[in-house]
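Here's the structure, in structure tokens; my notes come after.
The values are calculated or read from the model by the stated rules, or taken from the named source; none is laboratory data. On a predicted model such as this, the values are computed, not experimentally measured, just so you know. Here the Cβ positions follow ideal geometry from the backbone for every residue, glycine too, while neighbour counts run over all protein chains shown.
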Amino acid sequence: MSGIVKVKNVFKNYGKVEALRDMSLDFPQGKLTSLLGPSGCGKTTLLKIIAGIIKPDSGEVLVNDQIVKGPGPDRAFVFQDFALLPWANVLRNVAFGLELRKVAISERESIAEKYIEAVGLKGFEKSYPHELSGGMKQRVGLARALSVDAKVLLLDEPFSAVDEQTRRKFQEDLLDLIKKEKKTFIFVTHSIEEAVYVSDQIAILLPRPSRVSEIIKPTNLKNKNPENIRRDPEYLDIVDKIWFSLKTYVE
Amino acid sequence: MNRSLILKLFSIIFVLGAWEIGGRIPISFAFPTFFDSIVAFFNLILDGTMFKAYAETLKPLIVGVLISAVIGISIGVLIGLSDKIDWLISPIFIVMQAAPLAALIPLLILAYGIGLTSKVFVVCIMAMPVIVLNTASSVKSVSSSLKEMCRSFLGTKVDEIFKIILPASAPIIFAGLRLGISAGFIGAILSELKITPTGIGDIITYSRSIADYPSMYAAIFSIILLAVLFLNFLEVIELKLFKGSNTKHVND
Amino acid sequence: MKIFGYKVPLMSSLLLWGLLWEIIGRSKLTYFIPSVSEIFLTFLEIYKSDAFVQASTETAYAFFLGSFFSIIIGVPVGILMGKNKIVDDILLPWVNLFISAPLSALVPVLMILFGFGMKAIIITTFLFAVWIIVLNSRAGVMQINRSLVEMAKSFCASNIDSFFKIYFWAALPEIISGIRIGCIRAVKGVVIGQLLISIVGFGALFELYSANFLMSHFWVVIFVLFFMAFTLSEILAYIENKLAYYASNR
């Protein structure tokens, strides 16, 4: 079995601030789970702990029944602020994950080219990050994460730094991507509409103390035409319901 | 020809003209005219004195700058990477940065005599603080997002230093080098005027002693010309190499 | 950094280095490094002496005068350059020239034009400091947010009001920063001037002590100079912070 992620009793404090308390959650294989919640509920912290970039104070994370001790080839991260190397062109940036894994240059460049095309950036291989728009930069980050062929893809508010129109397009593209790649996606967002639009299941996190308040599984949305989802009654119902329960936590 | 260029030329001609007139009045017996100085300048070049002199002057400068660059950047990187080393070593360079290091020159003369060694030392103490501090501050401010990204894709600590930290800090390190060279230049000239008369410093002191003011001014003019041309050249390279990255506040 | 969980104050490693110095000094490892305590005792000995007091006053006098002129000339010129393109075009090449030139090379010229005394040193100090003050004042004026200018116009502000209520404060952080760097350069200028002219101030003392190999005395002078420079720099940085709490990109 590949790509099952289990979080068990994770605690994380930053000084006096309790970011995560006794957090337990399962992420089913091959599905997209959203972590949705207002700021301060620890969702990015949780994501980075799963990625192995941060260590929990106690508790453990299991990926395929292996305890997570640090970053690994089974997980890939997409950063909110893109984290691209400003001095490298798109091709090198996308191939960077493979470069760090010591893959030979010709091989990693051809893999990178494939994914550059897959995210719709063909022709921009020699461009530099400062020449790209926000949306294009994020696609580079996504292509980089896809290139290393990890079973679990972790996305930290990947669409928050782009404009609304681009964001909508990305959400539609994401649905496409999920159908093609059989990976487990874990997706952090603070947008309710976004979460309901793309997810197989939504974990609603609340702050102080950080906890999972409920897990929602939209049943039929995946089978619908992406163009029509946003007007579907089930979609609208779920969005309203979530907003209602989160309203009290808006600062 | 646009207006800005015309104004620049005008201002240069105006100043040189004032120099010429001032020399003719004369403002002081020690103030030669612009033309006399230029003639002396070309004489020095033509009879080879200028080149021999600079060969002497540039020796401690180049050696000193190279040493300062290698040691300075290494120390700066270490400081940037380690809190403990930062605590131990930064204060020394912070004090050196604000202090008039030239005051140490007499001491160095006492300790190391009047040869190449003390001149190299002078260049080093003038150049190193700014190189170290700039390197350290740019290493410290490398975006943590980039470092996390490197780790998340299984980069080792070595990968992190050579593929992320050094390339990201390169613009400011280079700017620090440029300032270091500028400070080193001052050190080289000072050591020549104060320690042993060799090189271009010798031309200055000797000409002054025999009241050959045009040559003295010519020598000074050549120093300034060289320094300005070289440092501007470095700035141009810096802009070309690092366009697209933002060189934020560079420490003076 | 932390030891056993307690935050260690900044610059405290200097105490460690001071200790090391003391040990080296006492062990008489090299003639040139007397122990810190010995230096301190020598300081107590000579700080009242005529020579020392005179040197200090001369240095301070030259420094303050040189800095004063560099500020009252440099700031207005810089502001003028920032506001007026014509003046900027005429003056900028010279400012850039003098900022990258090794000014120490000019000192011999100053010596023969203005004599071997106070005047030359004051002018040296002035020249070391003024260029960066000009550049920073100019930058301060040039980076004034366009919106502020438009806002002033939209509320029909008079020129005087605009200057004193808006432009002055908007440009101030950068100007103060320039003054701080300028003062530090002025200290270097005053020292270099005295080194090369050697007849006044600490320059004379340096000559005296090195001729007589009075190491402790020598280090006393250096410590005093370094301490003055450092304290000045910290005071100015403090003022800069207090005045510029609203400066965004610091």
Looking only at segment B:134-149, and only at residues there that are buried (at least 24 other Cβ atoms within 10 Å of the Cβ) and under 24 Å from B:A175 (Cβ atoms), the one that is nearest to the chain's Cα centre (by Cα): B:N134
Scanning segment B:45-62 for residues that are more than 14 Å from every other protein chain (Cβ to nearest Cβ) and touching a Phe, Trp or Tyr at 6+ places or on another chain (Cβ under 9 Å), which turns out modelled with the highest pLDDT? B:I45
Pick from segment A:48-70 the residues that are surrounded by fewer than 22 Cβ atoms within 10 Å (Cβ to Cβ) and within 11 Å of chain B (Cβ to nearest Cβ): which of them is nearest to A:K102 (Cα to Cα)? A:G70
Are any residues in segment A:193-242 assigned to a helix (DSSP H, G or I), surrounded by 16 or more Cβ atoms within 10 Å (Cβ to Cβ) and hydrophobic (A, V, I, L, M, F, W, C), and if so, which ones? A:A195, A:V196, A:V198, A:L221, A:I229, A:I238, A:V239, A:I242
Filtered residues of segment B:112-141 (kept if touching a Gly at 6+ places or on another chain (Cβ under 8 Å) and β-branched (V, I, T)): B:V120, B:V122, B:V123, B:I125, B:V130, B:I131, B:V132, B:T135, B:V139
With respect to the numbered conditions (1) more than 30 Å from C:F213 (Cβ to Cβ); (2) aliphatic (A, V, I, L, M); (3) touching a residue at least 24 places away in the same chain (Cβ under 8 Å), which one is the sole condition not fulfilled by B:I85? (3)
Could you tell me which of the residues C:L41, C:L110, C:L65 is out of contact with any Phe, Trp or Tyr (no Cβ under 7 Å at 6 or more places or on another chain), exposed (fewer than 15 other Cβ atoms within 10 Å of the Cβ) and more than 16 Å from C:N136 (Cα to Cα)? C:L41
Selection from segment B:21-75 of residues that are surrounded by fewer than 20 Cβ atoms within 10 Å (Cβ to Cβ), among the small types (G, A, S) and assigned to a helix (DSSP H, G or I): B:G22, B:A55, B:S74
Condition first: at the interface with chain B (Cβ under 10 Å from one of its Cβ atoms), of a type outside the set (A, V, I, L, M, F, W, C) and within 21 Å of C:I72 (Cα to Cα). Can you find one or more residues in segment C:233-240 that meet it? yes
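Scan B:L116, B:L81 and give me the residue that is at pLDDT 85 or above and surrounded by 16 or more Cβ atoms within 10 Å (Cβ to Cβ). Walk me through it before giving the result.
Working: B:L116 fails: at pLDDT 85 or above.
Every option except B:L81 fails the conditions.
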Filter segment C:121-148 for residues that are under 16 Å from the mean Cα position of the chain (by Cα) and without any contact (Cβ under 8 Å) to a residue 60 or more places away in the chain; which is nearest to C:Y167 (Cα to Cα)? C:N136
Could you grab the pairs with beta carbons closer than 9 Å, sequence gap of 6+ or different chains, first residue in segment C:21-32 and on the phi < 0 side of the Ramachandran plot and surrounded by 13 or more Cβ atoms within 10 Å (Cβ to Cβ), second one in a loop (DSSP other than H, G, I, E, B) and of a type in the set (V, I, T)? C:W21/C:I33; C:I24/C:T30; C:I24/C:I33; C:G25/C:I33
Could you tell me which of the residues C:L20, C:L14 is out of contact with any helix residue (DSSP H, G or I) (no Cβ under 7 Å at 6 or more places or on another chain), closer than 23 Å to B:L88 by Cβ and within 12 Å of chain B (Cβ to nearest Cβ)? C:L20
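Considering only segment C:227-240, I want to know if a residue exists there that is more than 17 Å from the chain's Cα centre (by Cα), closer than 24 Å to C:Y47 by Cβ, in a helix (DSSP H, G or I) and small (G, A, S). Explain how you work it out, then say what you get.
We begin by selecting, within segment C:227-240, every residue more than 17 Å from the chain's Cα centre (by Cα); these are none.
Within segment C:227-240, none of the residues are more than 17 Å from the chain's Cα centre (by Cα), closer than 24 Å to C:Y47 by Cβ, in a helix (DSSP H, G or I) and small (G, A, S).
Looking at C:A157, C:A152, C:A51, which one is more than 21 Å from the chain's Cα centre (by Cα) and not in a helix (DSSP H, G or I)? Before you say what the answer is, go through the steps one by one.
Numbers: C:A152 fails: not in a helix (DSSP H, G or I); C:A51 fails: not in a helix (DSSP H, G or I).
None of the others qualify; the one that does is C:A157.
Return the residues of segment A:90-102 that are crowded, with 17+ Cβ neighbours inside 10 Å and either part of a loop (DSSP other than H, G, I, E, B) or more than 7 Å from every other protein chain (Cβ to nearest Cβ) (or both); say none if nothing qualifies.
First pass over segment A:90-102, keeping only residues crowded, with 17+ Cβ neighbours inside 10 Å: A:90-100.
Matches in segment A:90-102: A:V90, A:L91, A:R92, A:N93, A:V94, A:A95, A:L98, A:E99.
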Pick out the one residue from B:I105, B:I114 that is in contact with a Leu (Cβ under 8 Å, 6 or more places away or on another chain) and either within 12 Å of chain C (Cβ to nearest Cβ) or not hydroxyl-bearing (S, T, Y) (or both). B:I105
Given (1) small (G, A, S); (2) in a helix (DSSP H, G or I); (3) in contact with a helix residue (DSSP H, G or I) (Cβ under 9 Å, 6 or more places away or on another chain), number of the condition A:S245 does not satisfy: (3)
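In segment C:100-117, how many are facing chain B (nearest Cβ under 7 Å), in contact (Cβ under 8 Å) with a residue 12 or more places away in the chain and of a type in the set (A, V, I, L, M)? Can you show your working first?
Just the residues of segment C:100-117 that are facing chain B (nearest Cβ under 7 Å), to begin with: C:100-102, C:104-106, C:108-109, C:112-113.
Now restrict to residues that are in contact (Cβ under 8 Å) with a residue 12 or more places away in the chain: C:104, C:106, C:108.
Checking the rest, the ones that are also of a type in the set (A, V, I, L, M) come to C:106.
Final tally of qualifying residues: 1.
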Just one listed residue, out of B:T205, B:T196, B:T156, is surrounded by fewer than 21 Cβ atoms within 10 Å (Cβ to Cβ), within 14 Å of chain A (Cβ to nearest Cβ) and either within 22 Å of the chain's Cα centre (by Cα) or among the polar types (S, T, N, Q) (or both), and it is B:T156
